[in-house]
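Here the structure comes first, spelled out in C-alpha cells, and everything after it is commentary.
The values are calculated or read from the model by the stated rules, or taken from the named source; none is laboratory data. This one's a predicted model, so the numbers in the text were calculated from it and none came from an experiment. We place every Cβ from the backbone using ideal geometry, glycine too, and count neighbours over all the protein chains shown.
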Amino acid sequence: MRQTRIVVVGSANMDLVAIAPALPRPGETMLGADFVTVPGGKGANQAVAAARAGAASAFLGAIGSDSFGVTLRARIAAAGVDISQLRTTYGASGVALVMVNTEGENAILVTPGANASLTALTEAETAAVREADVLVAQLEIPVETVTQAAVAARAAGTRVVLNAAPAVPLPPELLANVDLLVVNETEAQVYTGRGREDPSALLDLVPRAVLTLGAQGAWYCDRDGTAVHVPAVGVVTVDSTAAGDAFTAALAVAWGEGRDLVDAVRWAAAAGAACVRRLGASVSLPQRAEIDELYLPAS
C-alpha cells in the first residue's frame, strides 16, 4: 500500500516553553521550574505528526531569516517532511510563548512573524495541494490563503481537513470547501454558540465535524446522522500543548488510508494520548507504533 499523501498548509513557530507549578494570573510574577526551546507552530507540528504517523507529508509555510528559522527548517526536514516548498522571508520567524503547569495545562501567546507573509499560494504550492490525498490546514496564517488552498483542493478531489484554530471568522467560501472540521470546545463555542452539549451544531457549517474534549474524548458527527462519542485514552499528562496537532494529523492520515471516520477518530485519540506523555510540542509527536500501542478499537 502506498503512503497517504498529506499536504499541510500552515504556521511554523519556535516555541519558548516555561514550566511552573501554576499558570500566572494577570499582573502576577511567578518563578518557573524549567525552560526549553522547541520547534512548533500548528502547521509544522501537524506536518511532522503526519510523517511520524506514516504518511508522505509535505509542509507549505514560511519561516524567517533569523536563527529560529534555520533551526525550524532543519528540524522539520529531519522529521521526514518534504520542505521543498517551505519559504524563507526576511525578518523574524513566528514565536510562541508557552507556559505549562505541573498538570499539563497551558497558556500560549503566538506572534506570527514570517507566517503573516503567507498571503497567497504560488502555482507550485497550489500544484502540491492538488496532488495530495488530504489537505490539512489551520488558522495561524492568513485565512485568505487557507481558503485558496481549500478551493484548489476541492477542485482536484483532495479532501480538506480544517483545524479551525485559533478561532477567527470563517469565510463562507472556505466553509463550502471543507470536508471535515476539527475544533475544541472553546472554538466550537465561538463558531456556534454551543459546546459539548450540542456537537451537531457544527453541521450547520460543514458536512462532518469532530469536537475534541481533551480528557473527555471527542465527538464525531456528520450530516448522514452519525453522532458518536469516542473516549479518551487514559495516560498521565505531562504537556498537552501539541495534543490537538497530533490528533488532527493522525485523523487525516487514518482517513486518507481508508479507515471510516469513527475509527479514524479512535486512532487519532490514541495519537493525542501518546503525545501528552512528553514535554514539548514537536518533540512529543508520536511515531506510528506508539499510536498503535494505545489504539482502542470499538468493542
Checking 209, 215 in turn, the sole residue that is at pLDDT 95 or above and of a type in the set (Gly, Ala, Ser) turns out to be 209
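Out of all the residues in the range 96-126, which are among the aliphatic types (A, V, I, L, M) and either closer than 11 Å to residue 41 by Cβ or surrounded by 14 or more Cβ atoms within 10 Å (Cβ to Cβ) (or both)? Steps first, answer last, please.
Applying the first criterion (among the aliphatic types (A, V, I, L, M)) to the range 96-126 yields 96-100, 107-110, 114, 116, 118, 120-121, 124.
Selection gives 96, 97, 98, 99, 100, 108, 110, 114, 116, 118, 121.
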Looking at the range 178-223, which of its residues are among the charged types (D, E, K, R) and part of a strand (DSSP E or B)?
208, 222
So, first residue touching a residue at least 40 places away in the same chain (Cβ under 8 Å) and crowded, with 16+ Cβ neighbours inside 10 Å in the range 73-95, second residue part of a loop (DSSP other than H, G, I, E, B) and of a type in the set (Val, Ile, Thr), Cβ within less than 7 Å, six or more apart or across chains; the pairs are 76/83
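Just to verify a result, which residue in the range 131-152, among those that are among the polar types (S, T, N, Q) and outside any loop (DSSP other than H, G, I, E, B), is nearest to residue 261 (Cα to Cα)? So that I can check it myself, show each step before the final result.
Quick first cut of the range 131-152, residues among the polar types (S, T, N, Q) only: 138, 145, 147-148.
Cutting the leftovers down to outside any loop (DSSP other than H, G, I, E, B) gives us 145, 147-148.
Working: 145: 27, 147: 23, 148: 25 Å.
Restricting to residues being among the polar types (S, T, N, Q) and outside any loop (DSSP other than H, G, I, E, B), the top hit is 147.
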Among all residue pairs at least 6 apart or on different chains, which show Cβ distances below 9 Å where the first residue, located in the range 286-299, is buried (at least 17 other Cβ atoms within 10 Å of the Cβ) and the second is in a loop (DSSP other than H, G, I, E, B) and modelled with pLDDT under 90?
286/277; 286/278; 290/277; 294/233; 294/235; 294/286; 295/233
Number of positions in the range 198-226 that are crowded, with 18+ Cβ neighbours inside 10 Å and among the polar types (S, T, N, Q)
1
Would you be able to tell me the number of residues in the range 91-111 that are of a type in the set (D, E, K, R) and within 21 Å of residue 71 (Cα to Cα)?
0
Determine the pairs where a residue that is within 15 Å of residue 13 (Cβ to Cβ) and touching a residue at least 40 places away in the same chain (Cβ under 8 Å), located within the range 26-50, has a partner that is among the polar types (S, T, N, Q) and part of a strand (DSSP E or B) with Cβ atoms under 8 Å apart, the partner being 6 or more residues away or on another chain.
39/13; 40/13; 41/13; 42/163; 44/13; 46/163; 47/57; 48/57
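Among 264, 281, 273, 243, which is the only one that is closer than 25 Å to residue 135 by Cα, touching a Leu at 6+ places or on another chain (Cβ under 6 Å), small (Gly, Ala, Ser) and at pLDDT below 95?
273
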What about residue 26, is it surrounded by 24 or more Cβ atoms within 10 Å (Cβ to Cβ) and at pLDDT below 90?
no
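Filter the range 1-23 down to the residues that are part of a loop (DSSP other than H, G, I, E, B) and surrounded by 12 or more Cβ atoms within 10 Å (Cβ to Cβ) and list them by number.
We begin by selecting, within the range 1-23, every residue part of a loop (DSSP other than H, G, I, E, B); these are 1-4, 10-12, 20-23.
Selection gives 3, 4, 10, 11, 12, 20, 22, 23.
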Filtering the range 153-177 down to residues that are among the β-branched types (Val, Ile, Thr) and part of a loop (DSSP other than H, G, I, E, B), which residue is nearest to the chain's Cα centre (by Cα)?
168
